[in-house]
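Chemist: Sharing a structure with you now.
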Amino acid sequence: METKSSLIVWILLMIFPLSVGAQITFEAKLSRDRLGLNENLKIEFTMNENGDDFIPPSFAGFKVISGPSQTVSRQFVNGVGSFSKSYSYFLQPSTKGQLTIGQASITIQGEVYKTSPVSVQVTDAVSRPNDPNNYEFRLQDNIHFVAHVSNPSPYLNQGVLVEYKLYFQDPLRLSDVSEIDSPSYADFWSNNIDFGQIKVNPRGSYRGQPYNEVLWKKVLLFPQRSGKIELEPLVLSMKISVPTNRRDLFGSRIYNQIQENISTIPRTLDVKDLPTQGKPAGFGGAVGKFDFDLLLNKTSLNATESLQIRVNVKGSGNLGLFPLPQLNAPSNLEVFQPERNESFQTMGSTSSGLVEDIYTVVPRYQGSYPIPSLTFSYFDPEEEVYKMINSQEEVVQVYGGPAPGANQATSTNITGQPSNLVSGQTNTFRFINLDTSLVDISDARFWLSRTFWVLFLLPFFLMFGVILVKKLIFNRGSDISLQQQKTANKLARRYLSAAKKEINRPGEFYMALERGLHTYLKAKLKIETIEFNKSKIQELLIQSGVHQEIITGFNALLTNCEQARYGLGQKIDTENDYNNASRIMAKLDKQL
């Protein structure tokens, strides 16, 4: 009995610390509980699980000097992980006495947690305020990491430029700066902008004060859904050297070196829906300022030659994220699958350049063929109106080939001469034979005769013919399947042509590959850009009868693109990913 009781006690002792360790904590910590009127106070609101909707207290009796400054820490010791997140403020008391800082609140895992009120005793001013070796205040007040947003209230698919800048004042020194946690931009189409080497601008400013300024990162975002979207914080890890008032034997200033994580404060974008009033039919989601045209490299040619027709959109906006109008040509012109050409770069808070589909066209017959006008529509976010552009109608003249339907132009009889059905001559029906030649067959033998052998062997010839016809039909079906596969491969190469050009530059390759996959699905599933999200694509592919393994492979490829673009440490193989994309798009095209 004692052994059994001891076992229960040991089990309880093992379970108890685990349950305690799993508890969520949210508390307020003060750098001191007693200070002079001319001193400053640091307060930290710390939690051991990630939370949202942080609401600070009112800080009655204090003036907020700086804050909130957010820090995030993740550690793994002996296989056990820990998490810590805090919001820090530096306060200056405005009155003496016993001051109370009220409750702060935050939402963690759907529940609201609050800190306990804390008290501070404020005395008369002291002769030596702010200990010169107290680097925490000097650090928090002299370094800031900020996400600057070009437009906090954009329209759907309107470009937003986000610049991450680090500000610090002398005599702080920074080293070993690295990015340890990056935003996922889940509800955006994102493009990291390469601006060259990171440099320190000693003439920067922050809130009207001079600071050293470092541009750390630039990202162009195109929101893919409306409503409030929060930009996740970007976290940097760095070593900071903070000077003290102490000096070494040689008179040089002594620095305290600390390891710190500093993050941006989360920003929220209020994305507006595109207006429904005045929205043109066939609007594909283009937002910006664009020109549109239909360009032919020649308007006259021989039937044995080919021409190129370019459906061209140029300007500034969400280039590459909307479908182009499809060419509508006469049936006597053989039109091949177009090749996509994209050439644009980031300019400010948008992309500028051109996107075009290049069609190769081969005429079959001579004649004059009109190329109908095409219509392109887009939304101008500055004027807040929809605009439509119509291309000019073109005419292609084809020479030297057969005329359309030439073999049916003249009615002929079985002799190859024109029929004369309107002639009044008496010999109009002279080609009809009116004489007969009858043969007596009463004495003819059937057994082993020519007729006998023909009838005897006819079933065998028929059987052989059926087998031959089946084989031909089967081979033809295989040829059709092979042709469909070739067509699908051409379509895949069309949408992946931009990625193929950048296969030796992983950053540009994965950006072009992801854009090609998105544009392909929008074209095949006939959905607008505003409807494009992962759940919608999953639903439409399932409804279209696409096999689950293909859907899984497509999603895995998109995930691989995102991980490669944001540098999450996986092995990069651009050649393999390009081949996988071609194969998956070919399978999708066959099933869709």
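The values are calculated or read from the model by the stated rules, or taken from the named source; none is laboratory data. The shown structure was predicted, so the numbers you read here are calculated from the model rather than taken from an experiment. Cβ coordinates were reconstructed from backbone atoms using ideal geometry, including for glycine residues, and neighbour counts include every protein chain displayed. Surface areas here come from the heavy atoms of the whole protein model, side chains and all, with no ligands, DNA or RNA. Shrake-Rupley method; radii C 1.70, N 1.55, O 1.52, S 1.80 Å.
Chemist: Residues in segment 464-483: is at least one modelled with pLDDT under 70, open to solvent by 70 Å² or more (accessible area, probe 1.4 Å), closer than 14 Å to ASP589 by Cβ and touching a helix residue (DSSP H, G or I) at 6+ places or on another chain (Cβ under 7 Å)?
Modeler: No, segment 464-483 has no match at all.
Chemist: Report, by residue number, each residue of segment 204-224 that is basic (Lys, Arg) and either open to solvent by less than 30 Å² (accessible area, probe 1.4 Å) or in a loop (DSSP other than H, G, I, E, B) (or both). Steps first, please.
Modeler: In the first step, residues of segment 204-224 are kept if they are basic (Lys, Arg); the result is 207, 217-218.
Those that are basic (Lys, Arg) and either open to solvent by less than 30 Å² (accessible area, probe 1.4 Å) or in a loop (DSSP other than H, G, I, E, B) (or both): ARG207, LYS217.
Chemist: Okay, next question. Which numbered condition trips up GLN259, out of (1) open to solvent by less than 70 Å² (accessible area, probe 1.4 Å); (2) closer than 30 Å to PHE145 by Cβ?
Modeler: So the condition that GLN259 fails would be (1).
Chemist: Would you mention how many residues in segment 193-203 are touching a Lys or Arg at 6+ places or on another chain (Cβ under 7 Å) and assigned to a strand (DSSP E or B)?
Modeler: 0
Chemist: Test each condition in (1) closer than 22 Å to THR519 by Cα; (2) without any contact (Cβ under 8 Å) to a residue 24 or more places away in the chain for VAL287 and report the one that comes out false.
Modeler: That leaves (2) as the condition not met.
Chemist: Among the strands (runs of 3 or more DSSP E) contained in segment 285-353, which hold 2 or more residues that are over 30 Å from PHE188 (Cβ atoms), touching an Asp or Glu at 6+ places or on another chain (Cβ under 9 Å) and not β-branched (Val, Ile, Thr)?
Modeler: Once the strands (runs of 3 or more DSSP E) in segment 285-353 are filtered for at least 2 residues that are over 30 Å from PHE188 (Cβ atoms), touching an Asp or Glu at 6+ places or on another chain (Cβ under 9 Å) and not β-branched (Val, Ile, Thr), what remains is 288-296.
Chemist: Right, next: If you take the residues in segment 225-245 that are farther than 24 Å from GLN70 by Cα and either at pLDDT below 75 or not in a strand (DSSP E or B) (or both), which one is least open to solvent (accessible area, probe 1.4 Å)?
Modeler: Result: THR244.
Chemist: State all residues of segment 376-404 that are closer than 30 Å to SER349 by Cα and either among the charged types (D, E, K, R) or open to solvent by 70 Å² or more (accessible area, probe 1.4 Å) (or both); if no residue qualifies, say none.
Modeler: Those that are closer than 30 Å to SER349 by Cα and either among the charged types (D, E, K, R) or open to solvent by 70 Å² or more (accessible area, probe 1.4 Å) (or both): ASP380, GLU382, GLU383, GLU384, LYS387, MET388, ASN390.
Chemist: Same structure, new question: Being among the polar types (S, T, N, Q), assigned to a loop (DSSP other than H, G, I, E, B), within 31 Å of the chain's Cα centre (by Cα) and at pLDDT 85 or above: is that true of SER190 here?
Modeler: Judged against the criteria, SER190 is not a match.
Chemist: Kindly check whether there is at least one residue in segment 166-187 that is part of a strand (DSSP E or B), closer than 30 Å to GLY288 by Cβ and open to solvent by less than 10 Å² (accessible area, probe 1.4 Å).
Modeler: Checking segment 166-187: not a single residue is part of a strand (DSSP E or B), closer than 30 Å to GLY288 by Cβ and open to solvent by less than 10 Å² (accessible area, probe 1.4 Å).
Chemist: Specify the residue that is farthest from SER351 (Cα to Cα); the eligible residues are those in segment 275-284 that are touching a residue at least 24 places away in the same chain (Cβ under 8 Å) and open to solvent by 20 Å² or more (accessible area, probe 1.4 Å).
Modeler: For segment 275-284, the residue satisfying everything is GLY278.
Chemist: Is it the case that TYR155 is of a type outside the set (Gly, Ala, Ser), over 22 Å from PHE90 (Cα atoms), open to solvent by less than 60 Å² (accessible area, probe 1.4 Å) and modelled with pLDDT of 90 or more?
Modeler: Numbers: of a type outside the set (Gly, Ala, Ser): yes; over 22 Å from PHE90 (Cα atoms): yes; open to solvent by less than 60 Å² (accessible area, probe 1.4 Å): yes; modelled with pLDDT of 90 or more: yes.
Yes: the conditions hold for TYR155.
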